[in-house]
Amino acid sequence: MTAQTVVSLSGVEKTFELPGGSSMTAVSGIDMEIRKGEFVSLIGPSGCGKSTLLRLIGDLTQPSAGSVTINGKPAHQARLDRDYGMVFQAPVLFDWRTVEENVRLPLELMGQGRESREARVREMLELVELTDFARHHPYQLSGGMQQRVAIARALTFSPSILLMDEPFGALDEMTRERMNSEVLRIWEQTGITVIFVTHSIPEAVFLSSRVVVMSARPGRVARVLEIDLPRPRGVETRESRGYFEKVTQVREALRGGEGRADEGIGSVERAEAEGLIG
Amino acid sequence: MSRGTDLLRRYLPTIVVFVGTIAIWEAVIRGLHVRAFILPAPSSIVGALFANWTTAYQIFPAAQNTLLEAGGGLVGGALLGLAVAFLVARFATARDIVLPVAVAVNAIPIVAFAPIANNWFGVLSPYSKMAIAGALVFFPIMINVLRGLTQVDASALELMRSYAAGDVAVLSKLRVPNALPFFLTGLKIGTTLSLIGAVVGEYFGGLNVALGRVVVESASTLAFEVTWAAILVASATGIAMYLLVAALERVLIPWHPSVRGERVA
């Protein structure tokens, strides 16, 4: 199966200049390929550069070395072409806009006509099941609902990649699990490529087709785990034996994450060879 | 529970305290035979107000003239404050030049310039009073709007960046709406300041039919109940201007916590 490569990172490094002349390497030696329609999670300890990596992919910051290629073009061009939908940890909704006006924002910026715009906004609100709240203001919604608005807004202009930076980190566990299922449903319906940064091992395993485990200082890819649990995934997935095994593998990869920079994509085979995957 | 009883329950303590204070004031003046030039009784202040409403000191037309000066100063100062804020927000160099100067100028007691403004714009002209009022209003508007334009959520800016939004779009869709509550806060502060500017400007000379002149002239003839009546009307004018801006807030920024909070309470 040769699916189309959407994201390609090659030798990516990001160094921040610190005040006082010193510098800090956030990520280093990142090689990665992400195929169309994949759901890839980036997981790792605080300071492993997973958010920086996401921002590098989204051209919100530029690499100090190496290259980021999106759909065969530089990340900068991809941003100008509106290839990215972004969802942050905070919903970042505009307080002065209603729910539908928030979802409409990208379409306004991209100069889409009024009628097709309204139809698209309705469609997106149906997708995240917030049709009844179209005229509400963000402050009238719960945290989970606000984040659903943010997802609708990110998808409204049909970007090819959805970048999510710990989108459910501020939500309680119950809401978070519900949102996980929600995101999977949306991902399956739209077929969009998702890159998802998280702190949560269960979340990464439940959602992803691949989990990229990162190690800190400097941030490197320690291990990549294929999550081949059957889909569609639901409550039974969270209670299955295969799920627990994957959670354990990710946890172990996180614990032994340091000093495995050489592995990258090929690490699944190596992990199998080391007996980490049963 | 009906809305009427709700409102009554909320404002009853305020009303009781207000009426009580007036009653005690009246009682103390009468009981202790305090002389009118030290502190007139509320009843004689209200009496003076009615006696001089359109005749003698002409408090009502005086209030209209003062309101015109304050209002003109408020609008002029606000427009200038807005213009400088947008300029300074847009150009970092302008910020470096303008901000220190603005802060230094703000440290000057601007009302001290009232005689000079009278000299420049004509002592009998309303523009001299508008100039002082406007100068007082300028700074809070400028600083508040500048804050609103520049203190934008970093994630919101990144979001706009991810949409490849240009500077104009970021300004119109993000910075300006973000600055609107700040502007209205500046405008609220400005209402009081503009009235102070106008009245103090009048102290240093001007048409006789103006609240500041009524204060100065009635005090010089020891007609203090008229002085108090003029102060009462000046206060009412200030409160009315403030409430007007507060009403504007409810229309323009119903989503803002400051407006929402009032509703819930």
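The values are calculated or read from the model by the stated rules, or taken from the named source; none is laboratory data. Quick caveat: nothing in here was measured; it's all calculated off a predicted structure. With ideal geometry, Cβ positions are generated from the backbone for all residues, glycine too; neighbour counts draw on all protein chains shown.
Some points to look at:
Okay, residues lined up against (1) closer than 26 Å to A:Arg82 by Cα; (2) not in a helix (DSSP H, G or I):
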{"position": "A:Pro167", "(1), (2)": "yes, yes"}
{"position": "A:Phe196", "(1), (2)": "yes, yes"}
{"position": "A:Pro202", "(1), (2)": "no, no"}
{"position": "A:Met214", "(1), (2)": "no, yes"}
{"position": "A:Ala222", "(1), (2)": "no, yes"}
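- Scanning segment B:222-265 for residues that are away from chain A (no Cβ under 14 Å) and assigned to a loop (DSSP other than H, G, I, E, B), we see that the one that is modelled with the lowest pLDDT is B:Ala265.
- Residues satisfying the criterion are present in segment B:236-247 (criterion: closer than 25 Å to B:Ser44 by Cβ and surrounded by 19 or more Cβ atoms within 10 Å (Cβ to Cβ)).
- Filter pass, A:Thr61 being at the interface with another protein chain (Cβ under 10 Å from one of its Cβ atoms) and either over 20 Å from A:Leu155 (Cα atoms) or modelled with pLDDT of 95 or more (or both): yes
- Qualifying positions in segment A:77-113 - in a loop (DSSP other than H, G, I, E, B) and either of a type in the set (D, E, K, R) or more than 8 Å from every other protein chain (Cβ to nearest Cβ) (or both): A:Asp81, A:Arg82, A:Asp83, A:Gln89, A:Pro91, A:Leu93, A:Asp95, A:Arg97, A:Thr98, A:Gly111, A:Gln112, A:Gly113
- Residue match in segment A:157-169 (condition: more than 14 Å from chain B (Cβ to nearest Cβ), surrounded by fewer than 17 Cβ atoms within 10 Å (Cβ to Cβ) and farther than 19 Å from A:Ser208 by Cα): no
- Out of A:Val87, A:Val92, A:Val103, sole residue that is surrounded by 18 or more Cβ atoms within 10 Å (Cβ to Cβ), of a type in the set (A, V, I, L, M) and farther than 20 Å from A:Ile192 by Cα: A:Val92
- In this entry, A:Val121 is excluded by the filter for residues that are aliphatic (A, V, I, L, M) and within 14 Å of chain B (Cβ to nearest Cβ).
- Of all residues in segment A:26-60, those satisfying the criterion of being crowded, with 18+ Cβ neighbours inside 10 Å, polar (S, T, N, Q) and over 14 Å from A:Ile161 (Cα atoms) are A:Ser28, A:Ser51, A:Thr52.
- Subset of segment B:155-169 that is within 7 Å of another protein chain (Cβ to nearest Cβ) and of a type outside the set (Ser, Thr, Tyr) - its residue that is nearest to A:Val92 (Cα to Cα): B:Ala156
- Applying the criterion of at least 1 residues that are under 21 Å from the mean Cα position of the chain (by Cα) to the helices (runs of 4 or more DSSP H) found wholly in segment B:38-126 leaves B:59-90, B:92-107, B:114-121.
- Among the residues listed as B:Gly148, B:Gly134, the single one being away from chain A (no Cβ under 14 Å), farther than 30 Å from A:Ile57 by Cβ and among the small types (Gly, Ala, Ser): B:Gly134
- The requirement of being in contact (Cβ under 8 Å) with a residue 12 or more places away in the chain and buried (at least 19 other Cβ atoms within 10 Å of the Cβ) is satisfied by A:Leu127.
- Among the residues listed as B:Ala198, B:Ala179, the single one being aliphatic (A, V, I, L, M), more than 14 Å from chain A (Cβ to nearest Cβ) and either in a helix (DSSP H, G or I) or buried (at least 19 other Cβ atoms within 10 Å of the Cβ) (or both): B:Ala198
- Lone unmet requirement of (1) out of contact with any His (no Cβ under 8 Å at 6 or more places or on another chain); (2) more than 14 Å from every other protein chain (Cβ to nearest Cβ) for A:Ile43: (1)
- Here is the figure for segment B:56-99: residues that are on the phi > 0 side of the Ramachandran plot and surrounded by fewer than 17 Cβ atoms within 10 Å (Cβ to Cβ) total 1.
- Just one of the numbered conditions (1) more than 13 Å from chain A (Cβ to nearest Cβ); (2) part of a helix (DSSP H, G or I); (3) surrounded by 22 or more Cβ atoms within 10 Å (Cβ to Cβ); (4) not aromatic (Phe, Trp, Tyr) is not true of B:Gly206: (2).
- Residue match in segment A:175-184 (condition: modelled with pLDDT of 90 or more, out of contact with any His (no Cβ under 6 Å at 6 or more places or on another chain), at negative phi and assigned to a loop (DSSP other than H, G, I, E, B)): no
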